[in-house]
Amino acid sequence: MKVCGVDLKGNEANICLLSLIDGLFHVPDCRSRKLTLADTSAKGLKHFQSTFAKLVADYKIEKVIIRQRPAKGKFAGGAIGFKLEAAIELIDNLEVVVFSPTDIKESLRRNPLAVPFAETGLKQFQETAFNTAYAWLMKSIHTS
């Protein structure tokens, strides 16, 4: 199974592809590490959505796992982040899971990473997206 972990920060979607093949995790190369919404108009959102949809199709991603952000409070996500989330969720024929930080933390506690994040070859800003994808995959293995 190949998934794309997404961490929304401001007007950016930090992404990380992760696949699980025969019980082994792979971090496939990806042409993009983040997608940025430069223009918050409807036209800009449609461009972001089509760029994300093309990435999903090109890399044959089966599910997108988005780290959930609180709607209110000190760590609430901004309006633009929620627009990005909606744009991703509305892509036709794409299964999107919004995964809560509590569930991510619990899954990581039960299934710690076998290697330090620094050894994955990913950029530091991708760590949350990676953890989101990894935690969801581990949870899906152990609940099926």
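General observations
- Out-of-range pairs (alpha-carbon distance over 26 Å; input Lys2/Lys72; Lys46/Lys74; Lys46/Lys105; Lys43/Lys139; Lys2/Lys139; Lys54/Lys74): Lys2/Lys72; Lys46/Lys74; Lys46/Lys105; Lys43/Lys139; Lys54/Lys74
- Diagonalising the gyration tensor over the Cα atoms of the range 1-86 and scaling each eigenvalue by 5 before taking the square root yields semi-axes of 24, 16, 9 Å, largest first.
- For the chain, the antiparallel share of DSSP beta bridges with both residues in that region comes to about 60%.
- Mean separation of Cα contacts under 8 Å, 6 or more apart, over the residue count of the chain: relative contact order %: 32 percent
- Cβ-based charge dipole, the chain, positive-most Cα from Val97, Val64, Gly44: Gly44
- Neighbour-count ranking [beta-carbon atoms within 10 angstrom, fewest first] of Ile61, Ile141, Ile91: Ile141, Ile91, Ile61
- Alpha-carbon centroid distance for the pair the range 45-91 / the range 1-30, whole angstrom: 13 Å
- Angle between the chain longest axis and helix 79-89 axis [Cα atoms, degrees, rounded to 10]: 70 degrees
- Translational diffusion coefficient (Stokes-Einstein; Kirkwood radius from C-alpha pairs) of the range 2-143 at 37 °C, 0.692 mPa s, in µm²/s: 214 µm²/s
- Residues Val98, Val56, Val6 arranged by fewest to most Cβ contacts within 10 Å: Val98, Val56, Val6
- In this Cβ point-charge picture (+1 for Lys and Arg, -1 for Asp and Glu), the chain has a dipole of about 380 debye about its Cα centre.
- For Lys9, the aspartates and glutamates whose Cα comes closer than 12 Å to its Cα, not counting residues fewer than 8 places off in the same chain, are Glu85.
- Computed helical MRE - 222 nm, the chain, DSSP H runs ≥ 4 contributing -39500 (n - 2.57), nearest 500: -12500 deg cm²/dmol
Read-outs: derived from the displayed coordinates by stated rules, not from any lab. For clarity, every value in this text was computed on a predicted model and none was experimentally measured. Here the Cβ is made from the backbone with ideal geometry for all residues, glycine too, and neighbour counts use every protein chain on show.
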